[in-house]
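First comes the structure, then the notes that go with it.
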Amino acid sequence: MSEYPTFRYGQPRFDQTTFSGRFRHFLDVIDPSTLFVTERRLRESVELLDRCKQGKLPPGVTDAQLWQAQKIKQAIIHPDTGEKILMPFRMSGFIPFGTPVVVGLLLPNQTLVSTIFWQWLNQSHNACVNYCNRNASKTTPTSKFVQGYLGAVTSAVSIAVGLNVLIQKASRFNPTTRLLVQRFIPFPAVASANVCNVVLMRHSELSEGISVLDDDGNVVGTSKVAARHALLETALTRVVLPMPILVLPPMIMAALEKLPLLQRQRRLVLPVHSLVCLAAFSLALPLAISLFPQMSQARLDRQ
């Protein structure tokens with residue numbers, strides 16, 4: 001398969017039936033370089049795609065140019081509303097704008113106030129990203145998003161604060177062990193909050209079902225079984241996603257902080273910590289969202 005296959009309007013460039021294809025696709029989706037696209041370049045990309053859709057492409061336009069134009073448009077313009085997504089809440093902005101929050105979540109020696117603040121800020125950022133990238137083709141009450149947001153914040157803060165209190169009271173832990181264990185607290189808090197958000201936002205799908213399509217993309221009905229399948233995959237993805245981001249950095253930093261350089265130059269700890277978080281975040285996001293296809297197939301058993 002060539003780097004730039006024949007352009008297909010509205011379709012992913014890479015094969016979505018394989019993990020590697022989905023991984024390469026989402027690397028495109030989260031590419032932060034699209035944050036620097038100028039207004040003129042965006043307008044040119046949209047116009048080029050419109051001409052392609054109408055079958056009026058100018059001579060000499062290559063597949064590479066068309067794929068790049070589609071990448072730019074999909075990164076910036078909401079597919080349903082046609083409006084620009086605010087830069088911090090685009091998928092391409094998730095890593096650069098989310099990394100400072102991850103660094104804050106993993107800071108050592110957290111106080112009660114700082115724990116609550118970073119968990120609240122993380123869930124607020126996630127909520128804004130989810131809302132700005134929502135499926136707007138079907139109207140969803142704002143109360144659904146508020147419900148999911150409040151549930152996520154409550155569960156994240158409750159678990160993080162509760163675990164911190166328990167560790168502080170655990171007399172068998174020496175100070176070094178206590179500090180190491182504290183660094184892992186953000187993971188169960190964030191993972192549980194993510195699952196809570198999914199369940200609260202999409203629980204109605206379990207009773208109403210979700211749309212089922214045939215091979216030609218036509219809606220043929222709704223299915224509660226498909227809804228359960230989709231909800232489970234989404235929840236698993238939301239648990240896997242923060243795992244490398246919030247588990248690997250504490251392990252790596254525990255080893256790096258023993259190095260003579262960081263022992264002598266303590267002011268380097270925060271920059272190194274930030275770089276480790278950025279690397280883990282950049283790898284974890286495309287890996288997690290590539291686990292499952294966005295469209296799943298199911299066999300219909302006829303009686």
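The values are calculated or read from the model by the stated rules, or taken from the named source; none is laboratory data. It should be emphasised that the depicted structure is a prediction, and the values quoted were computed from it without experimental measurement. Cβ coordinates were reconstructed from backbone atoms using ideal geometry, including for glycine residues, and neighbour counts include every protein chain displayed. Accessible surface is based on the protein model in full, side chains and every heavy atom, while ligands, DNA and RNA are left aside. Shrake-Rupley method; radii C 1.70, N 1.55, O 1.52, S 1.80 Å.
In table form, for the structure just shown:
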{"item": "Residue satisfying all of: in the stretch 92-133; over 17 Å from residue 188 (Cβ atoms) and polar (S, T, N, Q); most open to solvent (accessible area, probe 1.4 Å) among these", "result": "109"}
{"item": "Set 27, 49: member being within 25 Å of residue 293 (Cβ to Cβ), assigned to a helix (DSSP H, G or I), touching a residue at least 24 places away in the same chain (Cβ under 8 Å) and more than 24 Å from the chain's Cα centre (by Cα)", "result": "49"}
{"item": "Verdict on residue 38 being open to solvent by less than 30 Å² (accessible area, probe 1.4 Å) and polar (S, T, N, Q)", "result": "no"}
{"item": "Selected residue (criterion: modelled with the highest pLDDT) from residues of the stretch 52-89 that are open to solvent by less than 20 Å² (accessible area, probe 1.4 Å) and not in a helix (DSSP H, G or I)", "result": "85"}
{"item": "Neighbours by Cβ (under 6 Å, 6+ apart or cross-chain): first from the stretch 175-199, on the phi < 0 side of the Ramachandran plot and of a type outside the set (S, T, N, Q); second open to solvent by 10 Å² or more (accessible area, probe 1.4 Å) and in a loop (DSSP other than H, G, I, E, B)", "result": "179/108"}
{"item": "Filtered residue count, the stretch 41-51, keeping only those that are in contact with a helix residue (DSSP H, G or I) (Cβ under 8 Å, 6 or more places away or on another chain) and open to solvent by 50 Å² or more (accessible area, probe 1.4 Å)", "result": "2"}
{"item": "Qualifying position, being open to solvent by less than 30 Å² (accessible area, probe 1.4 Å) and modelled with pLDDT under 75, among 191, 170, 160, 152", "result": "170"}
{"item": "Odd one out for residue 3 among (1) within 23 Å of residue 136 (Cβ to Cβ); (2) among the charged types (D, E, K, R); (3) not in a helix (DSSP H, G or I)", "result": "(1)"}
{"item": "Checklist (1) closer than 18 Å to residue 110 by Cβ; (2) at pLDDT 85 or above; (3) open to solvent by 60 Å² or more (accessible area, probe 1.4 Å) applied to residue 185, failing item", "result": "(3)"}
{"item": "Criterion violated by residue 221 - all others in (1) in a helix (DSSP H, G or I); (2) open to solvent by less than 50 Å² (accessible area, probe 1.4 Å) satisfied", "result": "(1)"}
{"item": "Selected residue (only one of 248, 259 is crowded, with 16+ Cβ neighbours inside 10 Å and either over 30 Å from residue 208 (Cα atoms) or touching an Asp or Glu at 6+ places or on another chain (Cβ under 9 Å) (or both))", "result": "248"}
{"item": "Single residue of the stretch 194-207 satisfying the filter (at pLDDT 75 or above and not β-branched (Val, Ile, Thr)) that is nearest to residue 149 (Cα to Cα)", "result": "197"}
{"item": "Pairs where the first residue, in the stretch 55-80, is over 15 Å from residue 25 (Cα atoms) and the second is surrounded by fewer than 20 Cβ atoms within 10 Å (Cβ to Cβ) and of a type in the set (Gly, Ala, Ser), C-beta under 8 Å, 6+ apart", "result": "78/136; 80/136; 80/137"}
{"item": "Qualifying residue in the stretch 7-18 (condition: in a helix (DSSP H, G or I), open to solvent by 30 Å² or more (accessible area, probe 1.4 Å) and modelled with pLDDT under 95)", "result": "no"}
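Yes or no, residue by residue, for (1) part of a loop (DSSP other than H, G, I, E, B); (2) modelled with pLDDT under 80; (3) not aromatic (Phe, Trp, Tyr):
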{"site": "217", "(1), (2), (3)": "yes, yes, yes"}
{"site": "233", "(1), (2), (3)": "no, yes, yes"}
{"site": "236", "(1), (2), (3)": "no, no, yes"}
{"site": "251", "(1), (2), (3)": "no, no, yes"}
